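The values are calculated or read from the model by the stated rules, or taken from the named source; none is laboratory data. Quick caveat, the model's predicted, so the values are computed rather than measured. Heads up, the Cβs are rebuilt from the backbone with ideal geometry, glycines too, and the neighbour counts pull from every protein chain shown.
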Amino acid sequence: MVMKHYPPEFKADAVALYRSRPDATIKSVADDLGVNPETLRNWIRLADGRRSGPAVIRPEAAPAPAGSVEAENAQLRRRVRELEEERDILRKAARYFAGETRW
């Protein structure tokens, strides 16, 4: 098995992406980024200042009143931020892996 080395910026962005998505699991975020779920879990633990222990418990976001325009706008803004962050992480990963390739 090949050990992959990720730049610190990629690790920090991956942890930030996980934290910005309260409904996402570590596995789903890891799959989106193409990393092993345990690798992402370790990055999260290190960011929290822990070496091991139970999974990170995140507080639930307070839902806005259903059906209101403000609630829908807030949800759409969160989704836009999430997608922009994912795009930025993927761009950084593409640059990293493009530089790593030796044809």
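Quick notes
- Residue satisfying all of: in segment 1-14; touching a residue at least 40 places away in the same chain (Cβ under 8 Å) and of a type in the set (D, E, K, R); surrounded by the fewest Cβ atoms within 10 Å (Cβ to Cβ) among these: GLU9
- Pairs where the first residue, in segment 15-28, is over 17 Å from ALA47 (Cα atoms) and modelled with pLDDT under 90 and the second is crowded, with 17+ Cβ neighbours inside 10 Å and of a type in the set (A, V, I, L, M), C-beta under 9 Å, 6+ apart: ALA24/LEU17
- Within segment 32-51, considering residues that are surrounded by 12 or more Cβ atoms within 10 Å (Cβ to Cβ), among the charged types (D, E, K, R) and touching a helix residue (DSSP H, G or I) at 6+ places or on another chain (Cβ under 8 Å), the one modelled with the lowest pLDDT: ASP32
- VAL69, sole failed condition from (1) at pLDDT 85 or above; (2) within 16 Å of the chain's Cα centre (by Cα); (3) of a type in the set (A, V, I, L, M): (2)
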